[in-house]
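A short worksheet on the structure shown next.
The values are calculated or read from the model by the stated rules, or taken from the named source; none is laboratory data. Given the structure is predicted, the values throughout are model-derived calculations rather than measurements. Cβ placement follows ideal geometry from the backbone for every residue including glycine, while neighbour counts extend to all protein chains displayed. SASA here: full protein model, heavy atoms, side chains in, ligands and nucleic acids out. Shrake-Rupley method; radii C 1.70, N 1.55, O 1.52, S 1.80 Å.
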Amino acid sequence: MTCEFSIKTFDELTTVDVYHILKARSQVFVVEQNCPYQDMDEVDFDCLHLVAHQNEALIGYCRIIPPQFNQKRSSVNPSGPIPAIGRVLVLAEHRGYGVARQMMLEAIKYCRKKYGKKTIIISAQTYLLNFYESLGFIVEGERYLEDGIEHVIMVLPVIKKVKVKKQSSGMVSSILSFYLLSVWFISWFKPLNDKTVLHDFTVVRY
């Protein structure tokens, strides 16, 4: 399913945006999951709100909590504040089309671009462990109950790239030149007859 994404601060949201976001969050986290809890919180004012649209209608949503406003910490990166992603949802009629994956990838990409090489933390409902693990998140700590629903902390660490030194092109050229010279030397001094054939060779790189 193709959809468009927008990311706005709270102040950039229109009253209509806020209505549809809060309606979707209440529909999924309160009504659908049969979990009466206080969804709206003061954190919303400091979050970035990512909305997945189709034909201008909200079909998915998540919020990004900037490092300076995020209270959660990780043992992977205990030295400083880190960004968090939360309130991840896709409306029921749009599930099964890959919207959640597209949306999470957009959120991760934004965090990497905005906050640099920082671990990203989430509080995941445990029935979605496989989904978040497929995005690179790893479990950190024990499972716990939040508003009667089992959760677990997961983090997406920054993978450090290991540089591999390429083989010197000069050495490869020297070996190849020596091989060609040897072939030429043998063919020059070895007497040829009708049954002697000097074959060409081909180097193939896979």
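If you go through segment 20-56 and pick out every residue that is within 25 Å of the chain's Cα centre (by Cα) and either closer than 21 Å to LEU145 by Cβ or among the aliphatic types (A, V, I, L, M) (or both), you end up with 10.
Evaluate segment 92-110: report whether one residue or more is open to solvent by less than 40 Å² (accessible area, probe 1.4 Å), modelled with pLDDT of 95 or more and more than 15 Å from the chain's Cα centre (by Cα). Yes: one or more hits. SER134 meets each of the listed conditions (1) of a type in the set (Gly, Ala, Ser); (2) open to solvent by less than 60 Å² (accessible area, probe 1.4 Å); (3) at pLDDT 60 or above apart from (2). Looking only at residues of segment 45-62 that are open to solvent by 10 Å² or more (accessible area, probe 1.4 Å) and free of Cβ contacts under 8 Å to residues at least 40 places away in the same chain, we find that the one that is nearest to ILE120 (Cα to Cα) is ASP46.
Would you please name the residue that is farthest from the chain's Cα centre (by Cα), looking only at residues in segment 111-161 that are assigned to a loop (DSSP other than H, G, I, E, B) and among the acidic types (Asp, Glu)? Only one residue fits best here, namely ASP147.
Screening the candidates LEU181, LEU129 for the property of being surrounded by 10 or more Cβ atoms within 10 Å (Cβ to Cβ) and at pLDDT 80 or above yields one hit, LEU129. Does GLU4 satisfy being open to solvent by 60 Å² or more (accessible area, probe 1.4 Å), at pLDDT 95 or above and in contact with a helix residue (DSSP H, G or I) (Cβ under 8 Å, 6 or more places away or on another chain)? It is false that GLU4 is open to solvent by 60 Å² or more (accessible area, probe 1.4 Å), at pLDDT 95 or above and in contact with a helix residue (DSSP H, G or I) (Cβ under 8 Å, 6 or more places away or on another chain).
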